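The values are calculated or read from the model by the stated rules, or taken from the named source; none is laboratory data. Quick caveat: nothing in here was measured; it's all calculated off a predicted structure. Neighbour counts run over all protein chains shown; Cβ positions are idealised from the backbone, glycine included. For accessibility, only protein heavy atoms count, side chains too; no ligands or nucleic acids. Shrake-Rupley method; radii C 1.70, N 1.55, O 1.52, S 1.80 Å.
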Amino acid sequence: MAALAPAPDSSFPAAWAAALRAGAVAPALCAAVWACLAMSAMLVVEAAWMGIVSLAGAAARRFRPHRGYRWEPMGAAVGTDVEAPAAAEFPMVLVQIPMYNEKEVYKLSIGAACALTWPPDRIIIQVLDDSTDPIIKELVELECQEWASKKINIKYEVRNNRKGYKAGALRKGMEHIYAQQCDFVAIFDADFQPESDFLLKTMPYLLHNPKIALVQTRWEFVNYNVCLMTRIQKMSLDYHFKVEQESGSFMHAFFGFNGTAGVWRISAINQSGGWKDRTTVEDMDLAVRASLKGWEFLYVGDIRVKSELPSTFQAYRHQQHRWTCGAANLFRKMAWEIITNKEVSIWKKHHLLYSFFFVRRAIAPILTFLFYCIVIPLSAMVPEVAIPVWGLVYIPTAITIMNAIRNPGSVHLMPFWILFENVMAMHRMRAAVSGLLETARANDWVVTEKVGEQVKDELDIPLLEPLKPTECAERICS
């Protein structure tokens, strides 16, 4: 009996088979392999450097808790009576809480802010409510009125549109006359709950060190044990704070502002151009511009603020798209400005361009998917292409070990972390490419869901600065 002829497309597409026979695939794939290996080397060197510096910073903090910065207790506030005459030395502090349909968490954040220990005549709580649900707006306003009846200086502010999203709300909030009388501003997202002594611990750094523009604290997660996905998120964010933020603060006095759980010097915000809504990472945008003005940042990991992690995959995916795409888009917008800046050193420019943006915000999200999900599987079908063991095994293992070292309590979750990061690789790569090419989706902003369905609304005005992407860019990211 004659053998049945195999279907022409049984193993891989006919075009791929034709390219293999013509010998056109191997050279291109070989070039892709070595490009990925070069990027992998840059990534592992950067991770190793940050790990070493962060460990050095943590060790130095044991001997010098305040890292050489001056820190003194806040006078009368360390006692039981913060309304004593010594309270006159306390500066005016504005506490901003931007929110959008936060029915499940608005009481927690407002209550925590109103409970901050600070002279009552030297603090203003400002709730910036962009909610579109009238019922939620009424609930938030009633909550503010209830705290106001307890002699808390709290202001409830609304806008007639959501232009600029969070950046627009923060910028609008700073325009009020009472806000302009403040010297510092603490920012908390709607799901963040600072401890009552938050200002007493952070403000001395700003008061006694005039070069510091920002004091950033660490996030703590109240729902990290809800499911496996939240545990994996905690691993990634703990690494971010322990390694990226710690090393940036210790070595360069610069890191990306996390958008919440931090205190800013208002004069630094104004000098840097204020809040801008040109990207979805308004916090990072402000931090980079302030750094280029010569301001210093301080990360204090010993101070923690409770917050909530996205508990659904859809919410997490939207959050990661906003963070990844916005950072890549900011790199595109600010690269030349960083290069031509004359107020900071070459060393800091190198850190911003190469380490902070190029390696971590461009290479990292693109490489993971390109190398491990495309190049390696394709190379298995092309015998002429061989990937060195050091690139295939040693580098990924080294990166995994460096992450595990900083998360010793979650070592047993590392296999799941690896699988989950590969699942997210495609979403992050797409977001990074969208930001670099500045497609129409580069300014997509979906508020991270806390609990329940996100209210969706359509507005007639553009919420962020409109982009004009090229047709080529749209085809790539569609």
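Filter the stretch 384-431 for residues that are in contact (Cβ under 8 Å) with a residue 40 or more places away in the chain and polar (S, T, N, Q) and give the result.
If the condition is that a residue be in contact (Cβ under 8 Å) with a residue 40 or more places away in the chain and polar (S, T, N, Q), then N403, N407, S410, N422 are the ones that fit.
Scan the stretch 287-317 for residues that are under 21 Å from E104 (Cβ atoms) and open to solvent by 50 Å² or more (accessible area, probe 1.4 Å) and jot them down. Give the steps one after another, and end with the answer.
Taking the stretch 287-317 first, the residues under 21 Å from E104 (Cβ atoms) are 305-317.
The answer is K306, T312, F313, Q314, R317.
Can you tell me how many residues within the stretch 180-224 are among the hydrophobic types (A, V, I, L, M, F, W, C) and within 20 Å of A290 (Cα to Cα)?
Kept after step one, since they are among the hydrophobic types (A, V, I, L, M, F, W, C), are these residues of the stretch 180-224: 182, 184-188, 190, 192, 198-200, 203, 206-207, 212-215, 219, 221-222.
This time we only want the ones that are within 20 Å of A290 (Cα to Cα), so: 182, 184-188, 203, 206-207, 212-215.
Residues in the stretch 180-224 being among the hydrophobic types (A, V, I, L, M, F, W, C) and within 20 Å of A290 (Cα to Cα): 13 in total.
Return a yes/no flag: does the stretch 275-286 have any residue that is over 28 Å from N209 (Cα atoms) and either surrounded by fewer than 21 Cβ atoms within 10 Å (Cβ to Cβ) or aromatic (F, W, Y) (or both). Write out each step before concluding.
Restricting attention to the stretch 275-286, the residues satisfying the condition of being over 28 Å from N209 (Cα atoms) are 277-280.
The next check asks that each one be either surrounded by fewer than 21 Cβ atoms within 10 Å (Cβ to Cβ) or aromatic (F, W, Y) (or both); those that pass are 278.
Yes, the stretch 275-286 contains at least one residue that is over 28 Å from N209 (Cα atoms) and either surrounded by fewer than 21 Cβ atoms within 10 Å (Cβ to Cβ) or aromatic (F, W, Y) (or both).
Just wondering, is there one or more residues in the stretch 219-240 that are open to solvent by less than 30 Å² (accessible area, probe 1.4 Å) and touching a Gly at 6+ places or on another chain (Cβ under 8 Å)? Before the answer, list the steps.
Keep residues of the stretch 219-240 that are open to solvent by less than 30 Å² (accessible area, probe 1.4 Å), which gives 219, 221, 223, 229-230, 232-233, 235, 237-238.
Of the ones still in play, those that are also touching a Gly at 6+ places or on another chain (Cβ under 8 Å) are none.
No; the residues of the stretch 219-240 include none that is open to solvent by less than 30 Å² (accessible area, probe 1.4 Å) and touching a Gly at 6+ places or on another chain (Cβ under 8 Å).
Yes or no, residue by residue, for (1) at pLDDT below 95; (2) under 25 Å from V281 (Cβ atoms); (3) open to solvent by 40 Å² or more (accessible area, probe 1.4 Å); (4) not aromatic (F, W, Y):
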{"position": "A88", "(1), (2), (3), (4)": "yes, no, yes, yes"}
{"position": "L94", "(1), (2), (3), (4)": "no, yes, no, yes"}
{"position": "V105", "(1), (2), (3), (4)": "yes, yes, no, yes"}
{"position": "A115", "(1), (2), (3), (4)": "no, no, yes, yes"}
{"position": "I125", "(1), (2), (3), (4)": "no, no, no, yes"}
{"position": "T132", "(1), (2), (3), (4)": "yes, yes, yes, yes"}
{"position": "E143", "(1), (2), (3), (4)": "no, no, no, yes"}
{"position": "N161", "(1), (2), (3), (4)": "yes, yes, yes, yes"}
{"position": "L170", "(1), (2), (3), (4)": "no, yes, no, yes"}
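Enumerate the helices (runs of 4 or more DSSP H) found wholly within the stretch 331-442, keeping only those where 1 or more residues are open to solvent by 30 Å² or more (accessible area, probe 1.4 Å) and under 25 Å from A32 (Cβ atoms). Let's see the steps before the verdict.
On the way: elements: 346-350, 364-369, 376-379, 395-405, 414-437.
Qualifying helices (runs of 4 or more DSSP H): 364-369, 376-379, 395-405, 414-437.
Restricting to the stretch 185-208, give me the number of residues that are open to solvent by 10 Å² or more (accessible area, probe 1.4 Å) and farther than 24 Å from N223 by Cβ.
5
So which residues in the stretch 297-307 are of a type in the set (D, E, K, R) and at pLDDT below 95, if there are any at all? Don't jump to the end; show me each part of the working.
First, the residues of the stretch 297-307 that are of a type in the set (D, E, K, R): 302, 304, 306.
Selection gives D302 alone.
Residue pairs, Cβ under 6 Å, 6 or more apart or interchain, first in the stretch 276-287 and of a type in the set (A, V, I, L, M), second outside any helix (DSSP H, G or I). List them.
M284/G256; A287/G256; A287/F257
Out of (1) over 17 Å from R441 (Cα atoms); (2) touching a residue at least 24 places away in the same chain (Cβ under 8 Å), the odd one out for Q319 is which?
Against the list (1) over 17 Å from R441 (Cα atoms); (2) touching a residue at least 24 places away in the same chain (Cβ under 8 Å), Q319 comes up short only on (1).
Out of everything in the stretch 31-70 that is of a type in the set (K, R) and assigned to a helix (DSSP H, G or I), what residue ends up being most open to solvent (accessible area, probe 1.4 Å)? Working first, answer last.
Quick first cut of the stretch 31-70, residues of a type in the set (K, R) only: 61-62, 64, 67, 70.
Narrowing the set further to residues that are assigned to a helix (DSSP H, G or I) leaves 61-62.
Values: R61: 52, R62: 204 Å².
So the residue we want is R62.
Identify all residues within the stretch 240-287 that are closer than 20 Å to G51 by Cβ and of a type in the set (D, E, K, R); write none if there are none.
K242, E244, E246
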